[in-house]
């Protein structure tokens, strides 16, 4: 008991043992004792407030000390050259697993104590409410609610275990792009492929038009040369100058044929060179890396699908 309480009790004892005096002296003494009691009660309240404040400060100091110890341990882990961070993580995981096992053991012990107590409680309730039908019906409903509550709690515990297991599996797998990112990338690739198909169709159409135009020009050129050759050939039969002109025409035609063949050959070689350059660029540029990345993403999707299928089979 604190000093203020002892003082209040002593004052009460003195007041009870006080010898009756005159009215004025008695009233003065009572007022004096009441004043002292009020002062002591104020002191007692103040002492209680100080005690609560000291307890609060002690708790805050303890929290600060614990936080300081944690920060100190973290700093020692970070500055420790002998052991890597994974060593301390493994230690913490071992402590967590030990705590989980301890909780499971305590839960098992509690179940061993709880079951006989519940059976005893059930027998006592049956004996008490056996003669009251209305109370027995309410007791039956209450037990049904208890069973439903236990079922819900069991389902919650099962879901929590499953959630923790999935979280651990996710941490083991590491961070991988989500399936949505794969889908978006496939959509983007499909969109680019369609755009490339459209460009290819346009280029093929323009190529066909140019080929038709080239064929038309060549046919017109052949017809013009045939007409000119026939006219000059008729003149060559009549006049030596015409024969010389016919020889020049034939020579010019042969030269143009050779030039045309060389131009076509040069164009074909240029196309082959450009095609080989594109192939070389495709092998050495990021396009080849994109193909490898797509293959890796495809393998990751297949592996993820296999894991999901295995989990589905295990759940079933």
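Taken together, the values in this text are just the output of simple stated rules run on the coordinates, not laboratory data. Only a predicted model underlies this, so the values are computations on that prediction, with no experimental measurement involved. Neighbour counts are summed over all protein chains in view; Cβ atoms, including those assigned to glycine, are modelled from backbone coordinates with ideal geometry.
Tabulated results
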{"item": "Gyration tensor verdict on the stretch 179-283 (Cα atoms; rounded if a/c is under 1.5, prolate if a/b is larger than b/c, oblate otherwise)", "result": "oblate"}
{"item": "Residues residue 193 and residue 257, FRET efficiency given R0 of 45 Å [Cβ-Cβ distance, rounded to 0.05]", "result": "0.55"}
{"item": "Net lengthening on full extension, residue 101/residue 313 (0.36 nm per residue, minus Cα-Cα)", "result": "73.5 nm"}
{"item": "Linear extension gain, residue 206 paired with residue 117, 0.36 nm per residue minus alpha-carbon span", "result": "22.9 nm"}
{"item": "Distance between modelled label sites at residue 49 and residue 280, nm, 7 Å Cα→Cβ extension", "result": "9.2"}
{"item": "Förster radius 41 Å - calculated FRET efficiency between residue 90 and residue 293, Cβ distance, rounded to 0.05", "result": "0.75"}
{"item": "Distance between modelled label sites at residue 229 and residue 131, nm, 7 Å Cα→Cβ extension", "result": "13.5"}
{"item": "Label point distance in nm, residue 148-residue 168, each placed 7 Å from Cα along Cα→Cβ", "result": "3.4"}
{"item": "FRET efficiency estimate (nearest 0.05) - Cβ-Cβ, residue 304 to residue 215, R0 51 angstrom", "result": "0.40"}
{"item": "Exposure proxy order (Cβ contacts within 10 Å, fewest to most) of 33, 132", "result": "132, 33"}
{"item": "Cα pair distances exceeding 21 angstrom across the stretch 63-171, given as percent", "result": "64"}
